[in-house]
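Heads up: the structure comes next, in structure tokens.
The values are calculated or read from the model by the stated rules, or taken from the named source; none is laboratory data. The structure presented is a predicted model; accordingly, all values stated were derived computationally and were not measured. Because the Cβ atoms are built from the backbone with ideal geometry, glycine has one as well, and the counts that use them run over all protein chains shown.
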């Protein structure tokens with residue numbers, strides 16, 4: 001894509017300025033923040049948006065236009081949503097990454113999690129722990145991030161504190177007294193989920209206070225709760241419909257040698273039912289989905305083919321799905337290859353499935369309420 005630049009001669013500039021007809025760029029940008037001009041992603045009545053995360057590196061934030069265009073060429077379809085990370089260890093809004101995604105023609109899905117460097121799983125809570133956030137230690141950062149997101153002035157999907165019903169991230173309810181009840185409080189429920197919900201609402205409220213109406217909030221859970229106890233189920237963490245625009249789910253098949261082979265249907269159907277039991281009208285997004293290439297355990301191409309069928313036939317309330325296109329090395333030196341082109345057969349299955357007109361390749365927008 002090439003940017004067209006309007007050249008104004010210096011003499012003309014002075015003339016316009018003397019006549020009061022030249023408006024500062026800052027004023028034009030401010031005009032763009034008028035509430036009536038804010039747009040958001042529209043939930044489609046029919047079909048679902050197709051999206052991807054395209055192996056953006058360890059911080060999940062090395063977004064390039066070249067990578068997006070190569071992925072599109074490989075799978076034969078433009079992507080409506082592009083996911084990437086913008087963790088708190090960066091201490092700034094990912095303006096460059098968001099600009100690249102919007103230039104490509106997609107909506108950014110930003111994983112904005114309170115994670116500190118190095119970005120490793122299975123770490124105990126550190127400086128960005130939920131209590132520090134609730135005590136106001138990062139108010140300045142939250143406000144600045146929100147202002148930069150607002151000034152971006154284009155639609156954003158933001159998932160804060162994803163997969164909190166697991167044990168691999170330091171914001172998980174598991175690390176905040178988990179399923180214990182506070183006997184000295186009138187609050188209902190369990191301590192871990194309650195602390196998470198309180199923090200989620202706190203962050204959303206601060207961002208909204210800065211006028212970032214271009215953000216739609218994605219409440220993003222894991223498909224299976226670990227531990228799989230009642231206190232850790234999806235409903236325990238739900239912050240309320242006033243704080244959620246989309247409900248996101250991570251639903252993977254086999255990703256490592258130690259995992260069992262399960263179909264997409266088996267991976268997703270329980271989470272889908274739990275979300276429907278919330279009795280909310282919020283659209284569902286499979287914010288992460290995919291499977292590794294393990295020929296001795298199962299057929300990845302068939303897994304992908306059947307997943308595309310299941311989306312249409314069994315999960316009509318899913319309105320977006322973001323494929324996790326990544327390959328990484330594990331501690332035992334084995335590899336997890338979730339890329340769509342991990343084998344010619346897998347790529348063919350993905351290309352054929354995503355070509356269906358059910359999968360929308362361009363975002364549809366509407367005015368924010």
Collect the residues in segment 223-244 that are in contact (Cβ under 8 Å) with a residue 60 or more places away in the chain and either surrounded by fewer than 21 Cβ atoms within 10 Å (Cβ to Cβ) or outside any loop (DSSP other than H, G, I, E, B) (or both), keeping them in residue-number order.
-> 226, 227, 232, 233, 234, 236, 237
Condition check for residue 154: touching a helix residue (DSSP H, G or I) at 6+ places or on another chain (Cβ under 8 Å) and either free of Cβ contacts under 8 Å to residues at least 12 places away in the same chain or not in a loop (DSSP other than H, G, I, E, B) (or both) = no
Of 247, 275, the only residue that is free of Cβ contacts under 8 Å to residues at least 40 places away in the same chain, touching a helix residue (DSSP H, G or I) at 6+ places or on another chain (Cβ under 7 Å) and under 23 Å from residue 43 (Cβ atoms) is 247
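Conditions tested, residue by residue: (1) farther than 16 Å from residue 324 by Cβ; (2) out of contact with any strand residue (DSSP E or B) (no Cβ under 9 Å at 6 or more places or on another chain); (3) at pLDDT below 95; (4) outside any loop (DSSP other than H, G, I, E, B).
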{"site": "77", "(1), (2), (3), (4)": "yes, no, no, no"}
{"site": "82", "(1), (2), (3), (4)": "no, no, no, yes"}
{"site": "89", "(1), (2), (3), (4)": "yes, yes, no, yes"}
{"site": "92", "(1), (2), (3), (4)": "yes, yes, no, no"}
{"site": "97", "(1), (2), (3), (4)": "yes, no, no, yes"}
{"site": "117", "(1), (2), (3), (4)": "yes, yes, no, no"}
{"site": "123", "(1), (2), (3), (4)": "yes, yes, yes, no"}
{"site": "126", "(1), (2), (3), (4)": "yes, yes, no, no"}
{"site": "131", "(1), (2), (3), (4)": "yes, yes, no, yes"}
Confirm whether residue 302 is surrounded by fewer than 14 Cβ atoms within 10 Å (Cβ to Cβ), touching a helix residue (DSSP H, G or I) at 6+ places or on another chain (Cβ under 8 Å) and closer than 21 Å to residue 159 by Cα.
-> no
Being in contact with a helix residue (DSSP H, G or I) (Cβ under 8 Å, 6 or more places away or on another chain) and surrounded by 23 or more Cβ atoms within 10 Å (Cβ to Cβ) is the filter; apply it to segment 99-112 and report the residue that is nearest to residue 204 (Cα to Cα).
-> 112
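Please verify whether residue 44 is out of contact with any strand residue (DSSP E or B) (no Cβ under 7 Å at 6 or more places or on another chain), in a loop (DSSP other than H, G, I, E, B) and modelled with pLDDT of 95 or more, treating the condition exactly as stated. Steps first, answer last, please.
Numbers: out of contact with any strand residue (DSSP E or B) (no Cβ under 7 Å at 6 or more places or on another chain): no; in a loop (DSSP other than H, G, I, E, B): yes; modelled with pLDDT of 95 or more: yes.
When the stated conditions are applied, residue 44 does not pass them.
Select, from 250, 256, the only residue that is part of a strand (DSSP E or B), more than 21 Å from residue 202 (Cα to Cα) and in contact with a strand residue (DSSP E or B) (Cβ under 8 Å, 6 or more places away or on another chain).
Details: 256 fails: part of a strand (DSSP E or B).
From the options 250, 256, the qualifying one is 250.
Being part of a helix (DSSP H, G or I), in contact with a helix residue (DSSP H, G or I) (Cβ under 6 Å, 6 or more places away or on another chain) and either touching a residue at least 24 places away in the same chain (Cβ under 8 Å) or surrounded by 15 or more Cβ atoms within 10 Å (Cβ to Cβ) (or both) narrows it down to one of 196, 200, so name that one.
Values: 200 fails: in contact with a helix residue (DSSP H, G or I) (Cβ under 6 Å, 6 or more places away or on another chain).
Answer to the check: 196.
Please go through segment 62-75 and pick out each residue that is crowded, with 21+ Cβ neighbours inside 10 Å and either at positive phi or assigned to a loop (DSSP other than H, G, I, E, B) (or both).
Initially, segment 62-75 is screened for residues crowded, with 21+ Cβ neighbours inside 10 Å, giving 63, 68, 71, 75.
Result: 63, single match.
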